[in-house]
Amino acid sequence: MWATAVGVARVRALESERENALFRDPLAQAFATAGGLWPSSPPLPDDEAARRRRLAVAFSIVIRTKFLDDLLQQASASGVRQVVLLGAGMDSRAFRMDWPEGTRLFEVDTAAPLDFKASVLRQERAVARCERITVAVDLREDWPGALAAAGHDPAVPTVWIAEGLLIYLPEEAVELLLARISAQSAAGSWMGLTLGSRGVIERFSADAVPGSAASMWVSEMPDDPVGWLAGHGWEADSHTLRERAAAYGRPISTPPQGEERPGGLVSAVRR
């Protein structure tokens, strides 16, 4: 998972170099380079199908990053001043986004990636644009307790981000995570999720390289993500990658593969 987070940073670094970048992440290259995966990456399968899959994954990372950036800006505009990044990895939103005064951003992850990240941030002399609090805990443990001990207040609204996380968790762990989020969410809280779209594991993991991200994918989205979240007390909207890509000026040129089902980019509000 740690190497996966560094790989995501590499994708964000490459996007940041584009003239028409959907976001700029000035720390992404430092994370990718310090992680030893770039520019001297280990050899990858070089057949055309593998190359197309890698491009598809990279494209999805770019679109989901923009989607969640926008959601965070909307939540902040609505008055939310608590942000929780679950499985934060090499996320640099505390440093690259403009936050209203009084924003507290909690990064929840295990100690190893947080320690690695801290070393890069020191090297880059990075300064957060909000109050940034790291919470070193495994999401399989009592992370709500650790989050509360770090100063999170469940009585006021929170915006929760679970980006590229749920696809790695078995279904029962996804349900537990959502139940825990919901229990810590006051009315007016927001949530941004990325879910593995139906069929993605079948398409990507069948011949995935052992240890690669796709080889660890286990959980796809429910058939009705909006209904699923309504059952947990959230009013949700679901978007496909194709819809959001077109809205951001990056339309997908290939035709849909059959009927496109509800999408894996989800925004939700606690009522």
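Magnitude of the charge dipole for the range 59-270, about its Cα centre and with charges confined to Cβ atoms of Lys, Arg (+1) and Asp, Glu (-1), is about 700 debye. Element breakdown for the range 71-151 at a 1.4 angstrom probe: carbon and sulfur atoms account for 44% of the accessible area. Considering only beta bridges that DSSP places wholly inside the range 59-270, some 40 percent are antiparallel.
Couplings 3J(HN,Hα) of the range 226-243, computed from phi: 5, x, 4, 6, 4, x, 9, x, 10, 9, 10, 10, 10, 10, 7, 4, 4, 4 Hz, in residue order, whole Hz [Karplus 6.51 cos²θ - 1.76 cosθ + 1.60, θ = phi - 60°; x for Gly and Pro]. Of the listed residues ASP70, ASP47, the order by accessible area with a 1.4 Å probe, largest first, is ASP47, ASP70.
Note on the range 220-257 and the range 87-127: Cα centroid distance 27 Å, given to the nearest whole angstrom.
Using C-alpha pairs under 8 Å with a sequence gap of at least 6, the mean separation divided by the residue count of the range 59-270 gives a relative contact order of 20 percent.
Measuring nothing but alpha carbons in the range 59-270 and taking Rh as the Kirkwood radius, the Rg to Rh ratio lands at 0.95. For the pair ASP115 and GLN73 in one chain, pulling the backbone fully straight at 0.36 nm per residue adds 12.4 nm over the alpha carbon distance.
The values are calculated or read from the model by the stated rules, or taken from the named source; none is laboratory data. Since we're looking at a predicted model, the values are computed, not measured. Note that we place each Cβ from the backbone using ideal geometry, even for glycine, and neighbour counts take in every protein chain shown. Please note that ligands, DNA and RNA were not included when accessible areas were found on the heavy atoms of the full protein model with its side chains. Shrake-Rupley method; radii C 1.70, N 1.55, O 1.52, S 1.80 Å.
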